[in-house]
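S.K.: Here it is, the structure in full.
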Amino acid sequence: MTSTTFSNKGFFPLFKWALRQNRGLLIVYSIILLISGPILDGFIKLRISAENLDYVNMIDVELVSSLIYAFTAAIIVLISAVRTFSFLHNKRSVDMYGAFPVIRRTVFLSHILAGLLTTAVPYIIGMAAVMGITYYDGESLRLGAVMMLFTLLMIVASYLFTVLMAYCCGTSLDTVCVTIAVNGIWVGIFSLFKMIMSMMIPGCSVESILSSFADVAFAPLGFMVLGAKSYLTGGFTPVLTAGIVWSVLYIALVFVGCLFAANNRKAHTAQDGFSVKWLPRVTESGIAVIIGMAIGFVFALAQDSDKASMFTFSFWFIIGAAAAFAVVHIYFNKGVKCHWGKSIAVCSSVSAVCIAAVISLCGGWGIDTYIPSAGGVSSAEISVNGVGYSFGDAENIERVLGIHKLFVDGTTTDRPYSLSTSSIDNVEYLDVASESADDLEKVNDYDYDNTYPVSYKFKYKTKLGAEIVREYHMTSYKLVNTVDTDEMMGVIEELISSAEVKKQSALAAFDDEQRNRIQTASLNMVKFEKQYDKVQQTETYQCISHVDSVDLDKEQINELYAALKMDIEADDSFVPADWQWSSYTDESQLGDVYTILTLWSKDISGLYAELNNGQYASSVNTQVIVKENYKNTLAFLEKYNIKAIRYYSHSSTYADTEGGYEAMEKYIDSLSVNDLKALVDLYATGWLADCYDDFGIKLNDKQFDDYTAQLEQKIQEQQEWLLEDYTAYLADGGTAIQIDDWTLCSVLDSLAEFTQQYFIHLEK
Amino acid sequence: MLAIKNVTKKFGAKIALNNLSFNIPTGSVFGLIGSNGSGKSTLLRIISGVYEPDGGSAEIDGESTYENVRLKGESFFISDFPYFYNNSTVENLAVLYRQLYPNWSEIKFQQLCSMFPIGVKDRIINMSKGMQRQAALMLALSTCPKYLLLDEIFDGLDPVVRQLIKKLLIEMVVENQTTVIIASHNLRELEDVCDHVGLIHCGGIILEKELDAAKLGIHRVQIVLGDEVGEGVFSDFNIVKSQRQGKLYELTIKGDADEITERLNALNPQFMELLPLTLEEVFISEMEVAGYDINNILK
């Protein structure tokens, strides 16, 4: 009777033997991790101190370092798996292993365990060490751990997948090629498919077709992308949880596949083709389609006309696919003697893509017309030029669906659709000669004037947990003509002034127990006329100048919350600070000043404050525009003297522009003598910005006795000091002196001290 | 007993072994001979469990050898090009084999280490072809196999080492009742050491019997007959090959030696001599019968 039971006796000797074969790689990998850890740590700290990174940027740096580790792990996985199982690809070593008194499953299990230990254990130790050294707080550690989890899943999945390919291929080179190809084909086809679909179907968003989880579903080397996404989204979402479940399921499936392949692989396939005959057919078909799509896509992008793009894409898709197939087929068949009869797979794939394209152009998938029913939606989000608001209230959901319907009605009349290259960068290349002047002007309203938002995204979460996304860009003159923008903006204004948005924007910030610091800033609205392609444009400038931060105790926070809540709830025309098309923008006059209140989270690590020269770090900050009718909030700020406005930095160059000067002049008029500190700042800035005369006159008009003369002398001293010790330069023709923020700040601090002493002197 | 039962092995469209059947008695030294590409190495790989046959089976005492841990633990296969990793030494391979093979003998290993001129700590990959074979054989013999499968084992070995190996093999057969199967084209060496022989051609067995029987079943005869003898005088004999130079006939005849002698004497030959064939001559004769001779190749 044939014994096929698992043999422990053979497992451990072979496991130790395989581990021994991987010893060199283990040492190299450990050294890489050992060296890269401190380098990454040093790099992160260097960037923090050199560039005054805040917390959000810190996450980027941590993400990059985690991705570098994950990428290194992916390379090591590929090397280790191919190396450990290279005995499958040599007839002589197949003889040796095949004759060992063990079953094939034991050879597989012993080697896979040795290989995984070689790759996973150094990664875990290295990553844990780096996290211990470079990640500073609980949140970072949690995100790092999530990243580590996905990278480990990537390591195990990729290792098993590469081994499966090793069992299916006859040579190590084929194993590497097919492993990379299958990973790349899946990601590439999905990326291009999504991009091309979004070019064809109105409303079809890259996000709407499949999530990033599906992008890498059969590309285990890409599982780390899921980790990166969890990093960026700040934790687990249902999609990421599904990603983990899928990863585990994928690992189980590939493991079973490996066991099957280990038991059934014909030993004589070593150094000779593929043990699975359909693998090269699928691979060459996949590569042909992806290369064809890429070439078609590139040539289509080069076209101006939409219809030409579609024809060009189709032509070059077929040419590219055929050429790629020929090259890969010749490689797999080890020579120019091609078996064209085996091209059925690639013909089927190319045909499938063509059929899918035709269905897409005719709107056959229903993506362009589908609007979920209000009853089936648990939340609806509308993002306007990237600024999104989420709604759970039934009435608001209906409003969002109504806006969505305006777009659907405005686009579905164009069937069959064409391949529109404009959706790639959201810019419509209009054929000016063939369109009316009205059309052009309308599009310009969106494109250049910024009168209306350009991009609109609808995101629905259904009660069944699915996510539906649609995206439209108003850069198309067709849309401009078919969608009633005024009606749409009216509904959007209703939405953003709803109680839900009020709660989301400002008041939600108080839910954070760690939020204990505020900053105030001023927002200046400046408008001036400008020529742009013979179209009169009006641009809006925003200048936000910061003041020093103020720490609040619990009582003060509650007081501010109560004041802000009353004001916001009473504000019928409330708009969030990040909404650019609000009535306050339209109504604001040249040089109007609003106060922006920024609420910051507490820095629990204490490290950033030190590294950022006293600047405060936060994962989230929330801004509230404090209007003139926010009496309670203004009273709070007055009570705690949180209203000083200091001009520095931007104002030095800003003062030199026509609009900027006018704004500042108007601002000076609005200041009282009590705002002397602000006046001093302006005066000094103007002096340094070579606009001294203008501001000097203004200041002299305020009649400060001999103070201005003394101040002028003091500034002169400071300027000499600046010219000597800093990299300031004077440009010709009265252009402003360019001085960096911190230098100017130190000058202004010095002047403020002088002013304080002057007042003490006056009081005496 | 090792039984080859209806073994068929295909490599794509090519049939390497076609319904092959024969037995190899326990404790014998079996010489597997055959033309190039006849399937000798394939058969050894099937017996050792490297290849799974497409049909039939190689069985030892009724059990298939494929994926059979116990039987493979009692067997050792040295392929025509033994494989060694770059960092393999006799010493570290011994560590592996010691744990894998249940009959590993440390005493035997030490004896062999002192017998063969090989540094156990030296990298095998850097050794000559002959030295690599010696290293493989040292390890194989140390596992005290009941079935030792050797493919072209004499290649690259100097005459002294060949003698040593033949001596060791015979000792092992005597001491352990080891069954040794040697596939080789070096028929001279096989003749020295084998007691059974199997001749394979085009995936089928042509001949399988004891070496002596194989050699005694075919004879070379030199005979001079009188002028009155006609052309058809040898038509009743099982002649494999015949050549004539004047009155001298040189014949290769299959059959019993005594019977052939008696019948040839009845022809009143002026001179007759019956000579034994070497294994190589037997091989060539049998292959000629199978249509594999130089004349056919040159055609």
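S.K.: Quick one: in segment B:75-103, of everything that is among the polar types (S, T, N, Q) and within 22 Å of B:Lys40 (Cβ to Cβ), which residue is farthest from the other protein chains (Cβ to nearest Cβ)?
M.R.: Once the filter is applied, the top-ranked residue is B:Ser75.
S.K.: Restricting to segment B:23-56, give me the number of residues that are among the polar types (S, T, N, Q) and open to solvent by less than 20 Å² (accessible area, probe 1.4 Å).
M.R.: 5
S.K.: Would you please name the residue that is farthest from B:Ala135 (Cα to Cα), looking only at residues in segment B:91-112 that are over 27 Å from the mean Cα position of the chain (by Cα) and open to solvent by less than 30 Å² (accessible area, probe 1.4 Å)?
M.R.: Step by step, filter segment B:91-112, then rank; the result is B:Leu100.
S.K.: OK, next. Would you please list the contacts, defined by Cβ atoms under 8 Å and residues six or more apart or on different chains, that run from a residue in segment B:119-142 that is over 16 Å from B:Leu96 (Cβ atoms) and in the same structural domain as B:Tyr83 (by TED's automatic domain parsing) to a residue that is acidic (Asp, Glu) and open to solvent by 10 Å² or more (accessible area, probe 1.4 Å)?
M.R.: Going by the 8 Å Cβ cut-off, the qualifying pairs are B:Lys129/B:Asp155; B:Gly130/B:Asp158; B:Arg133/B:Asp155.
S.K.: Still on this structure, I have one more. Listed residues B:Asn86, B:Asn92; which is polar (S, T, N, Q) and assigned to a helix (DSSP H, G or I)?
M.R.: B:Asn92
S.K.: Turning to a different aspect of this structure: Only one of (1) exposed (fewer than 15 other Cβ atoms within 10 Å of the Cβ); (2) assigned by TED's automatic domain parsing to the domain that holds B:Pro25 fails for B:Arg244. Which number is that?
M.R.: Of the numbered conditions (1) exposed (fewer than 15 other Cβ atoms within 10 Å of the Cβ); (2) assigned by TED's automatic domain parsing to the domain that holds B:Pro25, the odd one out for B:Arg244 is (2).
S.K.: Restricting to segment B:113-134, name every residue that is among the β-branched types (Val, Ile, Thr), in a helix (DSSP H, G or I) and surrounded by 14 or more Cβ atoms within 10 Å (Cβ to Cβ). Give the derivation first.
M.R.: To start, the set of residues in segment B:113-134 that are among the β-branched types (Val, Ile, Thr) comprises B:118, B:120, B:124-125.
Of the ones still in play, those that are also in a helix (DSSP H, G or I) are B:124-125.
Selection gives B:Ile124 alone.
S.K.: Related question: Take A:Ile251 and decide whether it is away from chain B (no Cβ under 14 Å), buried (at least 22 other Cβ atoms within 10 Å of the Cβ) and under 39 Å from the mean Cα position of the chain (by Cα).
M.R.: Taking the combined requirement at face value, the residue does not satisfy it.
S.K.: Next question. Of all the helices (runs of 4 or more DSSP H) wholly in segment A:464-514, which have at least 3 residues that are out of contact with any Cys (no Cβ under 8 Å at 6 or more places or on another chain) and modelled with pLDDT of 75 or more?
M.R.: Filter on segment A:464-514 gives A:485-496, A:499-505.
S.K.: Return the residues of segment A:279-320 that are open to solvent by 20 Å² or more (accessible area, probe 1.4 Å) and free of Cβ contacts under 8 Å to residues at least 60 places away in the same chain; say none if nothing qualifies.
M.R.: A:Ile291, A:Ile295, A:Val298, A:Phe299, A:Ala302, A:Ala308, A:Phe311, A:Ser314, A:Phe315, A:Trp316, A:Ile318, A:Ile319
S.K.: Moving to a separate point now. Residues in segment B:142-149: is at least one surrounded by 15 or more Cβ atoms within 10 Å (Cβ to Cβ) and over 21 Å from the mean Cα position of the chain (by Cα)?
M.R.: Yes, segment B:142-149 has at least one match.
S.K.: Return the residues of segment B:1-22 that are under 18 Å from B:Thr65 (Cα atoms) and surrounded by 15 or more Cβ atoms within 10 Å (Cβ to Cβ); say none if nothing qualifies.
M.R.: B:Leu2, B:Ala3, B:Ile4, B:Lys5, B:Val7, B:Thr8, B:Lys9, B:Leu17, B:Leu20, B:Phe22
S.K.: Kindly evaluate B:Met138 against the criterion of being crowded, with 20+ Cβ neighbours inside 10 Å and not charged (D, E, K, R). So that I can check it myself, show each step before the final result.
M.R.: On the way: crowded, with 20+ Cβ neighbours inside 10 Å: yes; not charged (D, E, K, R): yes.
Answer is yes for this residue.
S.K.: Do you know which residues across segment A:198-218 are of a type in the set (Asp, Glu) and at pLDDT 65 or above?
M.R.: Selection gives A:Asp215 alone.
S.K.: Let me ask something else. Go through (1) buried (at least 16 other Cβ atoms within 10 Å of the Cβ); (2) outside the structural domain of B:Leu168 (by TED's automatic domain parsing) and name the single condition B:Asp195 misses.
M.R.: Failing condition for B:Asp195: (2).
S.K.: Shifting gears a bit: Mind listing whichever residues of segment B:265-276 are closer than 28 Å to B:Gly291 by Cα, surrounded by 15 or more Cβ atoms within 10 Å (Cβ to Cβ) and out of contact with any helix residue (DSSP H, G or I) (no Cβ under 9 Å at 6 or more places or on another chain)?
M.R.: Across segment B:265-276, there are no qualifying residues.
S.K.: Which one is nearest to B:Phe30 (Cα to Cα), of the residues in segment B:237-296 that are assigned to a loop (DSSP other than H, G, I, E, B) and under 25 Å from the mean Cα position of the chain (by Cα)?
M.R.: First, pick out the residues of segment B:237-296 that are assigned to a loop (DSSP other than H, G, I, E, B): B:237, B:246-247, B:255-256, B:266-270, B:277-278, B:290-293.
This time we only want the ones that are under 25 Å from the mean Cα position of the chain (by Cα), so: B:255-256, B:277-278, B:290-293.
Values: B:Gly255: 23, B:Asp256: 23, B:Leu277: 19, B:Thr278: 16, B:Ala290: 21, B:Gly291: 24, B:Tyr292: 23, B:Asp293: 24 Å.
Only one residue tops the list, namely B:Thr278.
S.K.: Restricting to segment B:46-74, name every residue that is within 7 Å of chain A (Cβ to nearest Cβ) and outside any loop (DSSP other than H, G, I, E, B).
M.R.: Answer for segment B:46-74, where residues must be within 7 Å of chain A (Cβ to nearest Cβ) and outside any loop (DSSP other than H, G, I, E, B): B:Ser48, B:Glu63, B:Ser64, B:Val69, B:Arg70, B:Lys72, B:Gly73.
S.K.: Can you tell me which residue within segment A:59-113, out of those that are among the charged types (D, E, K, R) and open to solvent by less than 10 Å² (accessible area, probe 1.4 Å), is farthest from the other protein chains (Cβ to nearest Cβ)?
M.R.: Restricting attention to segment A:59-113, the residues satisfying the condition of being among the charged types (D, E, K, R) are A:60, A:62, A:83, A:91-92, A:95, A:104-105.
Next cut, open to solvent by less than 10 Å² (accessible area, probe 1.4 Å) only: A:62, A:95.
Numbers: A:Glu62: 39, A:Asp95: 4 Å.
Of everything passing the filter in segment A:59-113, A:Glu62 is farthest from the other protein chains (Cβ to nearest Cβ).
S.K.: Can I ask one more? Would you mind listing the helices (runs of 4 or more DSSP H) fully within segment B:148-219 where at least 3 residues are closer than 22 Å to B:Thr42 by Cβ?
M.R.: Passing ranges, in order: B:187-193.
The values are calculated or read from the model by the stated rules, or taken from the named source; none is laboratory data. Just so it is clear, the model here is predicted, and its values are computed rather than measured. So basically every Cβ, Gly included, is an ideal-geometry build from the backbone, and we count neighbours across all protein chains shown. Please note that ligands, DNA and RNA were not included when accessible areas were found on the heavy atoms of the full protein model with its side chains. Shrake-Rupley method; radii C 1.70, N 1.55, O 1.52, S 1.80 Å.
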